[in-house]
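Below is one structure; the comments refer to it alone.
Taken together, the values in this text are just the output of simple stated rules run on the coordinates, not laboratory data. What you are looking at is a predicted structure, and each value in this text was computed from that prediction instead of being measured. Note that we place each Cβ from the backbone using ideal geometry, even for glycine, and neighbour counts take in every protein chain shown.
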Amino acid sequence: MQKRYLDEAQQRRLLEGPKRSTDPLAQRDYHWLAALMLTGMRITEFSRLSVSLVRRALDAGWLVSPKEHCKGKRKANDYKITLPLRQHLQALLKLSDAHPQAGEPDQPLVWGRDISGRAGPLSVRSYEDRIKHWAQVAGLDPRISPHWLRHTRAMNVMRRGRGKEENRLKVAQIALNHASLKSTGVYLGLSREEYEAEIQAIDGGRMRKREARRAVEEMTS
């Protein structure tokens, strides 16, 4: 499977640019990028978060997205609010409250503008453009999209978890709100992809498995 996630060093590089900037929009980007890494939320779902929903979530300790905001609309998705996530959500609330139109009933967590120039939630397209901007600053893959941070969340669970592999896979399933463990199983393959890359680096650039197979086929044909 094509690599569509960030390793530990790449995550730090992506966040470093907006974190160091004093520009309010850069600070906004830093906090939502970090929040996506900590939740694995789909960007459409994240873009629909409101200030009132997030404030309730901080009180409850769980961020719950209404099922109509979630893919498939089968059920609401929920995310445990850890200390790092709480800090980023609180920062986003503060930035949202500083907006000139703060105080509206459905005040968005992250402000943007629609095609007519009116203030409203930041659009999915704008999220995509902003992450590409910071990826360029960090020298990362230009194909990056917000969905890569969802894969990154799963890989962080698999890499950082302290339990057995099958238990970490179950944690990743719950963290991503996957209905089936089969959907999460792909991250086992991604872990092996990292293993293959490391082995190649250690051994000095041996050919990839598919290239080796092709060479054998050519020799025996």
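Values as computed for the structure displayed
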{"read-out": "For G120, residues with placed amide H under 5 Å, excluding near neighbours", "value": "G112, R113, D114"}
{"read-out": "Cα gyration tensor, the stretch 10-144 - rounded (a/c under 1.5), prolate or oblate", "value": "rounded"}
{"read-out": "Signed unit charges on C-beta, dipole axis of the stretch 10-144, positive-most listed residue T82, Q107, H31", "value": "T82"}
{"read-out": "Charge-dipole axis of the stretch 10-144 as Lys and Arg at +1 and Asp and Glu at -1 on Cβ define it, positive-most pick from T22, A119, S52", "value": "S52"}
{"read-out": "For K75, K132, order by how many other beta-carbon atoms lie within 10 Å, fewest first", "value": "K75, K132"}
{"read-out": "Residue-span extension gain [W62 to K19] - 0.36 nm each, minus C-alpha spacing", "value": "12.9 nm"}
{"read-out": "Given charges at beta-carbon only (K, R positive; D, E negative), |dipole| of the stretch 100-158 in Debye", "value": "180 debye"}
{"read-out": "Given charges at beta-carbon only (K, R positive; D, E negative), |dipole| of the stretch 10-144 in Debye", "value": "400 debye"}
{"read-out": "Separation between Cα centres of the stretch 30-109 and the stretch 10-27, rounded to whole Å", "value": "19 Å"}
{"read-out": "J(HN,Hα) series, the stretch 16-28, from Karplus relation 6.51 cos²θ - 1.76 cosθ + 1.60, nearest Hz, glycine and proline x", "value": "4, x, x, 5, 7, 7, 8, 5, x, 5, 5, 5, 4"}
